[in-house]
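The values are calculated or read from the model by the stated rules, or taken from the named source; none is laboratory data. Values in this document were obtained by computation on a predicted structure and should not be read as measured data. Reconstructed Cβ throughout: ideal geometry from the backbone, glycine too, with neighbour counts over all protein chains shown. Side chains are part of the model used for accessible areas, which takes the heavy atoms of the whole protein and leaves out ligands, DNA and RNA. Shrake-Rupley method; radii C 1.70, N 1.55, O 1.52, S 1.80 Å.
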Amino acid sequence: MITSESLVNQSFRHTDNTLACDGVSIGSIVESVATPVYIYSARAIRDAYRAIDEAFASYPHAIHYALKANSTLAIVRLLRAIGSRADANSGGEIQVARRAGFASSDIVFTGVGKTREELESAIADGIGTINAESPGELDRIAAIASAHGREARVALRVNPDIDAKSHPNISTGLRINKFGVPLQDARAIYRERRDTRGLRFVGVHVHIGSQITTIEPLRRAAETLVSLALELRADGFSLEHVDLGGGLGIAYEGRPIIHPSDYAQAVIPELKRIGIPVVLEPGRAVVGHAGALVARVVDVKRFPDGRQFAVLDAGMGELIRPALYGSYHQIVPVAPRPGADRSWDIVGPICESSDVFAKERMMPALEVNDLVAILDAGAYGSVMASNYNRHLLPAEVMVDEGKWTTIRRRQTLDDVLALES
Ligand code: LLP
């Protein structure tokens, strides 16, 4: 049963004034693995996956978890174990999915700029579907597949010129974006290649953006794609699925937003017009709430105008979303100090003015050595981390049924320098 409670972060909670992940004390994890560290709740990942699966229970569907949101092996394995399939955006993500145990046939390969090498190995491996981004890419796929005496299963990604009403940097369905082919060209591209050797058209694909928090753009994208699929059916194509991509937003500010069941209710009537299975590619909605980045306060600075900075040992190198998109993450002290909230600028250690997690955020008192947790960092957190300023990639920990394990050890300087001469 999914309640509106389950729409917001439930895994990271204070009990007796100390933060725990599903009952496991964050302080005790940090004692042995140090900071910064990503901590994930396995339960939250399972619950979020199931919420989407249950929302679509009345319609044939396949959930292809988008590895780009978080591709740490243990997380990808967990999703496979509960029945997910995979959406990979590069040869690297395909290999991670394979190592996590996914069959090639359970992987969709999406993404702009697939290289010849990536296409060759995807085709040789019999990848489930390649979501092609352009007529040129379709032709390259056809050439590779026919040279190997194979037939590649393909869908074309269309750009429906729909405003996802999300952040401009993560909107992908507008004409000005680099993604897909213009909707009005799509039918002709399919028809011209109907008999091309090496291609088997199995679907149609759309993905209009990420962190979408209103239903209407998602419904319109589904409506548009289904209409195209119906035209293609009339042209004699026997499509096997309609791929709606990902994009479902999560409640970063703690207030419930659209739920997977709102999404399902909006798109299922559209899907019923064609009746073939739907493929979903959710990333953020599966792992976003499940992870927190835990960091330590290394300095506190007070300026004469009253501004207070808490400088953490984690910054844009570990979690770039605030610096890149101005995105909001809740930040909570692991052990909140008593007293009234004050205004804080929570910043990282990197030599960039954009290395800021929060400006003028009302929070309890902070002192050097205090721990803070940056919540809802499970998606597009660790995957976007870098070694800027020679910071080392953080450790990652998974909490499951009252126990925690390190699922990725902290990088060492030797790991980094091993690549250099
Ligand atoms: N399918 C395709 C083709 C995509 O491009 C994406 C995300 C997804 C599925 C998964 O979307 P999701 O369900 O996670 O919204 N780094 C940004 C988000 C970039 C999303 C890129 N594409 C962020 O931190 O907000």
Query raised in the report: What does a probe at Asp235 reach in segment 169-206, counting residues whose amide N is under 11 Å from the point 7 Å along Cα→Cβ?
Result: 184-195
Query raised in the report: How would you order 65-75, 79-89, 107-117 from highest to lowest mean count of nearby Cβ atoms within 10 Å?
Result: 65-75, 79-89, 107-117
Report task. Please work out how much accessible surface Leu392 shows to a 1.4 Å probe, ignoring ligands, DNA and RNA, in Å² rounded to 10. Result -> 60 Å²
Query - Heavy atoms of Trp404 accessible to a 1.4 Å probe, total area in Å² rounded to 10 - result: 80 Å²
Query raised in the report: For the peptides 235-247, 352-364, what is the packing order when you average, over each peptide's residues, the other Cβ atoms within 10 Å and list the highest mean first?
Result: 235-247, 352-364
Query - Rounded to whole Hz, the Karplus (6.51, -1.76, 1.60) HN-Hα couplings of segment 206-220, x for glycine and proline - result: 8, 8, 9, x, 10, 6, 8, 10, 10, 6, 4, x, 5, 5, 5
Query raised in the report: At q = 0.12, 0.13 Å⁻¹, what is the log10 ratio I(q)/I(0) for the chain, with the Debye formula run over Cα points and no solvent?
Result: -0.97, -1.11
Query raised in the report: Just how large is the dipole of segment 25-69 about the Cα centre, in debye to the nearest 20, putting +1 at every Lys and Arg Cβ and -1 at every Asp and Glu Cβ?
Result: 80 debye
Query - Per residue value of the accessible surface for segment 264-421 (all protein chains in place, 1.4 Å probe), Å² - result: 44 Å²
Report task. Add +1 for every Lys or Arg and -1 for every Asp or Glu among the other residues with Cβ under 11 Å from the Cβ of Ile320, and state the total. Result -> -2
Query - Pairwise centroid distance, computed over Cα atoms, of segment 237-300 with segment 322-386, Å - result: 25 Å
Report summary line: For the chain, the charge dipole (Cβ of Lys, Arg +1; Cβ of Asp, Glu -1; about the Cα centre) points to a positive end, and the Cα of Ala221, Ser32, Ala379 closest to that extreme belongs to Ala221
Query raised in the report: Among 145-153, 374-382, how do they line up from the highest to the lowest mean number of other beta-carbon atoms within 10 Å?
Result: 374-382, 145-153
Query raised in the report: Can you pull the percent of the chain's accessible area that's carbon plus sulfur, 1.4 Å probe, other chains left in place?
Result: 49 percent
Query raised in the report: Among the lysines in the chain, how many pairs, 8 or more places apart or on different chains, have alpha carbons under 22 Å apart?
Result: 6
**Report entry** Cα lying deepest toward the dipole's positive end in segment 37-163, options Phe109, Gly92, Ala147, charges on Cβ
**Finding:** Gly92
Query raised in the report: Around Trp344, which amide H atoms from residues at least 5 apart in sequence, or from another chain, sit under 5 Å from its own amide H, with H modelled in the peptide plane?
Result: Glu360, Arg361, Met362, Met363
Requested in this report: Work out the length of the dipole vector of the chain about its Cα centre, built from +1 on the beta-carbon of each Lys and Arg and -1 on the beta-carbon of each Asp and Glu, and round it to the nearest 20 debye.
Outcome: 480 debye
Query raised in the report: Among Gly249, Pro182, Phe201, whose Cα lies farthest out toward the positive end of the dipole of segment 181-258, if unit charges sit on the beta carbon of Lys, Arg (+1) and Asp, Glu (-1)?
Result: Phe201
Report task. Can you tell me the dipole magnitude for segment 1-160 around its Cα centre, using point charges on the Cβ only (Lys, Arg +1; Asp, Glu -1), in Debye to the nearest 20? Result -> 200 debye
